[in-house]
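J.: Have a look at this one.
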Amino acid sequence: MVFINAIINVIIPNANIPFKKSIFSYKIYTFVKNLTKIMSQDLYKAPDYFQMDELLTEEHKLIRDAAREWVKREVSPIIEEACQKAEFPKQIIKGLGEIGGFGPYVPVEYGGAGLDQISYGLIMQELERGDSGIRSTSSVQSSLVMYPIWKYGSEEQKMKFLPKLATGELIGCFGLTEPDHGSNPGGMVTNIKDMGDHYILNGAKMWISNSPFADVAVVWAKNEDGRIKGVLVERGMEGFSTPETHNKWSLRASATGELVFDNVKIPKNNILPNRDGLGAPLECLDSARYGIAWGTIGTAMDCYDTALRYAKQRIQFGKPIASFQLQQKKLAEMITEITKAQLLTWRLGVLKNEGRATTAQISMCKRNNVDMALNIAREARQILGAMGITGEYSIMRHMMNLESVVTYEGTHDIHLLITGMDITGENAFK
Ligand code: FAD
């Protein structure tokens, strides 16, 4: 009986069925709790209410399923501890490279997987289902480091960096935001001066994902003419430092930091030669925001799936809480919003594959999906009652992470202004 009651207390959180609290029963309780943790670590079942799988090719499904299995195996068991310790789990970098998490759409000759945009999106969806911090590392590397080197770099730069970034042998970061220039990056003060045979870089970037351990930073700086250029700054260059930002309550499994440039000597062949102006970093952000649009569907699906399972198991007033109308309303609205986002984002993927997705469409999709995921995380958290605030479930972690995702790569407000400008032709930024 002691054993059975102990099991019930573990399987049905907060059941609080009395059992004799002897050392023996406590040992059983702990044993079963650990066993249950191992057995039920990740019960995720992806919702597909409108048979979205029928819109995917066999290759898409294979890639998605491989990423899904990898997240279950490699991310789910370690992510809670990584977040509690506020550490990026570096041991997963190699695996991320192997499942196509770094530059999936970059051509094979540069070490990428040569996949289409829907495959890229599906990988982001699965990674963020695990944790937004893991997806952040992957999408920064793919869209904000490999993309500009691939699109704007010289052949020599591509061959030097892309294959190693694709395997994770090198990790990169992207420096656009400054202490005084966030939503308005065009006002940046970081600058390069032409010294004849090299440049000198001065300034600072803030809130930079991966910066504390990145091997290479794609940094955006103004030249003497006020033109924005892409600069490849490598770890070890004199005057370059990357202090870490601590005490974050969000994206704790992703390392964030500064980039500080104190008269850094930059060889001329470390400037991206084939594009300049603010449009260059903004185009990279389009690609990363597209990945976020997919990724946040993953967090929403995970929160919904967890809340649905919990609501069916949790008994109050003698019935599963899933049988109460108020809880059904929450769950029904969640799956409706997830389904709408899945359809919107799949269509965006088709347009992106055809080279027709606009910046404004990507903005709308990023804004909608992050908001949708954040609302679902908040509602799902409530369905779990007190258990929802613990690390036993992923929901609170997703909710905290999404507070960064709703701000970075263009805030919720800024994306609304992009849509507003697109439909009215009027710029409301200034
Ligand atoms: P601000 O621009 O100061 O905005 C503050 C508020 O004012 C926001 O609500 C905003 O919507 C509003 N606002 C601003 N302008 C307007 C306007 N014209 N009209 C109406 N409202 C307005 N940056 C990088 O370059 N690389 C990275 O890798 C990176 N990683 C990040 C990781 C994390 C965890 C976080 C939190 C941020 C990261 N960022 C990164 C920075 C991020 O992109 C910026 O935080 C974001 O662009 C907003 O800038 P800000 O924080 O300075 O806010």
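The values are calculated or read from the model by the stated rules, or taken from the named source; none is laboratory data. Please read all numbers here as calculations on a predicted model, not as lab measurements. For neighbour counting, all protein chains shown are included, and Cβ atoms are generated from backbone atoms with ideal geometry for every residue, glycine included. Remember, those area values only see protein heavy atoms, side chains included, never the ligands or the DNA or RNA. Shrake-Rupley method; radii C 1.70, N 1.55, O 1.52, S 1.80 Å.
J.: Among the numbered criteria (1) in contact (Cβ under 8 Å) with a residue 40 or more places away in the chain; (2) more than 16 Å from the chain's Cα centre (by Cα), which one does V71 miss?
T.: Single failed check for V71: (2).
J.: Going through L282, L259, L251 one at a time, which residue ends up being aliphatic (A, V, I, L, M) and part of a helix (DSSP H, G or I)?
T.: Unique residue meeting the criteria: L282.
J.: How about the stretch 276-293: which of its residues are out of contact with any strand residue (DSSP E or B) (no Cβ under 7 Å at 6 or more places or on another chain) and either among the acidic types (D, E) or open to solvent by 10 Å² or more (accessible area, probe 1.4 Å) (or both)?
T.: G279, L282, E283, L285, D286, R289
Conditions (1) under 13 Å from N270 (Cβ atoms); (2) touching a Gly at 6+ places or on another chain (Cβ under 8 Å), marked per residue:
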{"site": "G203", "(1), (2)": "no, no"}
{"site": "N210", "(1), (2)": "no, yes"}
{"site": "W220", "(1), (2)": "no, yes"}
{"site": "D225", "(1), (2)": "no, no"}
{"site": "V231", "(1), (2)": "yes, no"}
{"site": "G236", "(1), (2)": "yes, no"}
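J.: Sticking with this structure for a sec: Which of the residues that make up the stretch 379-430 are out of contact with any Asp or Glu (no Cβ under 8 Å at 6 or more places or on another chain), touching a residue at least 24 places away in the same chain (Cβ under 8 Å) and among the small types (G, A, S)?
T.: Passing the criteria: A380, G385, A386, S404, G410.
J.: A follow-up question, please. Within the stretch 95-114, can one find any residue that is assigned to a helix (DSSP H, G or I), within 21 Å of the chain's Cα centre (by Cα) and either within 15 Å of the ligand (Cβ to nearest atom) or of a type in the set (V, I, T) (or both)?
T.: Scanning the stretch 95-114 turns up no residue that is assigned to a helix (DSSP H, G or I), within 21 Å of the chain's Cα centre (by Cα) and either within 15 Å of the ligand (Cβ to nearest atom) or of a type in the set (V, I, T) (or both).
J.: Just to be sure, is S132 within 24 Å of I63 (Cα to Cα), away from the ligand (no atom under 12 Å from the Cβ), open to solvent by less than 10 Å² (accessible area, probe 1.4 Å) and not hydrophobic (A, V, I, L, M, F, W, C)?
T.: no
J.: Do you know which residues across the stretch 67-92 are within 17 Å of L122 (Cα to Cα) and surrounded by 16 or more Cβ atoms within 10 Å (Cβ to Cβ)?
T.: A67, R68, W70, V71, K72, V75
J.: Which condition does V145 not pass, out of (1) within 13 Å of the ligand (Cβ to nearest atom); (2) farther than 16 Å from L272 by Cα, if it passes all the others?
T.: (2)
J.: Further, regarding this structure: Restricting to strands (runs of 3 or more DSSP E) lying wholly in the stretch 186-248: which have 3 or more residues that are within 13 Å of the ligand (Cβ to nearest atom) and not hydrophobic (A, V, I, L, M, F, W, C)?
T.: 198-209
J.: Right, another one. In the stretch 377-430, which residues are open to solvent by less than 50 Å² (accessible area, probe 1.4 Å), among the small types (G, A, S) and either within 16 Å of the ligand (Cβ to nearest atom) or part of a helix (DSSP H, G or I) (or both)?
T.: If the condition is that a residue be open to solvent by less than 50 Å² (accessible area, probe 1.4 Å), among the small types (G, A, S) and either within 16 Å of the ligand (Cβ to nearest atom) or part of a helix (DSSP H, G or I) (or both), then A377, A380, G385, G388, S404, G410, G420 are the ones that fit.
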